[in-house]
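Everything below concerns the one structure shown next.
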Amino acid sequence: LESFHARQLRLSPHVLGHSKAHVGRVVAELVRAAKAQGLQPGPLALSLRGDFVCIGSAYEQHKVRSPDYFDILVPLRLPPHLEPQPRCADGLGPCGAFVCGLRARAGWPRRYRPFAEGFCVELQGRSHLSSALVLRWFQGHLQRCLGAVRYRLQERCRISLSACPGRPPTLHILPCSDYVCCHISMAVRLIPAIPLGDAVYLTALLPEGPQAPLASEALWGLNASRQEQRLLSWLKEQTPASSCHLKCLQILKGLRDLRGQGLEEPFCSQWGRVLSSYVLKTALFSLLLQGPLEAWDERFLEERLEDLVLYLRDCLRKQVLMHFFLGNTSLPEAVTLPRFLKEAAPVNLLAAFDGPTLDLVAFQLINTWIQAPHVIRMYSSPRYLRPAPTP
């Protein structure tokens, strides 16, 4: 396990640090230009707040294999008179996810009507901010600003922007040969985000299919990445200096990816969706807070990794793994949430999957752990290694 982690999973801090610094400089230029073009928009338009939030495994010290893909939240400024409305209870939106509408308050002023017509859709007789319309505006706004930024950065790198309908745009960065010592082409997903306070954001739900209902356009998903980062910082202070909890997460992600190389469709896709990195991280958080934290010293790596696998297997068999931040009364004081999220109904992350699928994943997970040395030797060979698909 140690060799697998060191040779195939662990990233060079030097290379990752260069990549993150370069991404930060380029995104800062683009966000600054996009904000400048939208200064003093008045009440009838969207605009950028002017900052950005780095999220994901690259900024949480558990990214594996390649430092070439990053996620960035870009907060937006919104007109007043929009209020969050959790919609889990009424059955709207996908199973296994917290969804929230941004509903116009009663008595929407007449002067806001152009904004409503440009960025809102009707749901149950009320105007709701449309994630699809906001995403379309965001893509176009960044594209219009790209020319000036590209000119300013031409000596540092080449940049371009690509977008698929219904998905956040991706910024592609190719450093120039003499600028950095690590010449890696990077992709940065720029995600428009609606701030709710306490560093909680709403982001657009990814389309489930070409025939997604209109209701999904009026719904937004919860992004609590900053809370996860705060929790990880708190855990770093509470666990031993040589804690192995992040290494356990990296190894489990690596074993999941290797086993996926040998699975046939459609189970291969189901395997990856059920054991998503977010599910694995949620299971780790839940297990860590069961304590004691001193038991996560690195010399107990194999025991703690086995505990994590068994805990995850039990969750799959019971078909229950609750969202870590919603309805959790045992959160550390270092993690704060807005009141309406504290009072929101808990969400089961496995609710979207049927029992037979979860049972099969549980069986395959235990099988992968028992045969871990064989899986690592077999699927790490050149015959099976293939580029990971672009998210």
When you scan segment 352-369, how many residues do you find that are assigned to a loop (DSSP other than H, G, I, E, B) and in contact (Cβ under 8 Å) with a residue 12 or more places away in the chain?
2
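Yes/no matrix, rows are residues, columns are (1) at pLDDT 90 or above; (2) aliphatic (A, V, I, L, M):
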{"position": "S185", "(1), (2)": "no, no"}
{"position": "L190", "(1), (2)": "yes, yes"}
{"position": "A204", "(1), (2)": "yes, yes"}
{"position": "Q229", "(1), (2)": "yes, no"}
{"position": "R259", "(1), (2)": "yes, no"}
{"position": "W271", "(1), (2)": "yes, no"}
Kindly establish whether S19 is modelled with pLDDT under 85 and hydroxyl-bearing (S, T, Y).
no
Name every residue in segment 284-302 that is free of Cβ contacts under 8 Å to residues at least 60 places away in the same chain and touching a helix residue (DSSP H, G or I) at 6+ places or on another chain (Cβ under 8 Å), in order of residue number.
L284, F285, S286, L287, L288, L293, A295, W296, E298
Where in segment 227-340 are there helices (runs of 4 or more DSSP H), lying fully within it, with 3 or more residues that are loosely packed, with under 15 Cβ neighbours inside 10 Å?
267-274, 301-318
Residue by residue through segment 361-384, note down the ones that are open to solvent by 80 Å² or more (accessible area, probe 1.4 Å) and of a type in the set (A, V, I, L, M, F, W, C).
F363, I370
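The values are calculated or read from the model by the stated rules, or taken from the named source; none is laboratory data. Given the structure is predicted, the values throughout are model-derived calculations rather than measurements. No Cβ is skipped: glycine too gets one built from the backbone with ideal geometry, and neighbour counts run over all protein chains shown. Calculation scope for accessible area: heavy atoms of the full protein, side chains included, ligands and nucleic acids excluded. Shrake-Rupley method; radii C 1.70, N 1.55, O 1.52, S 1.80 Å.
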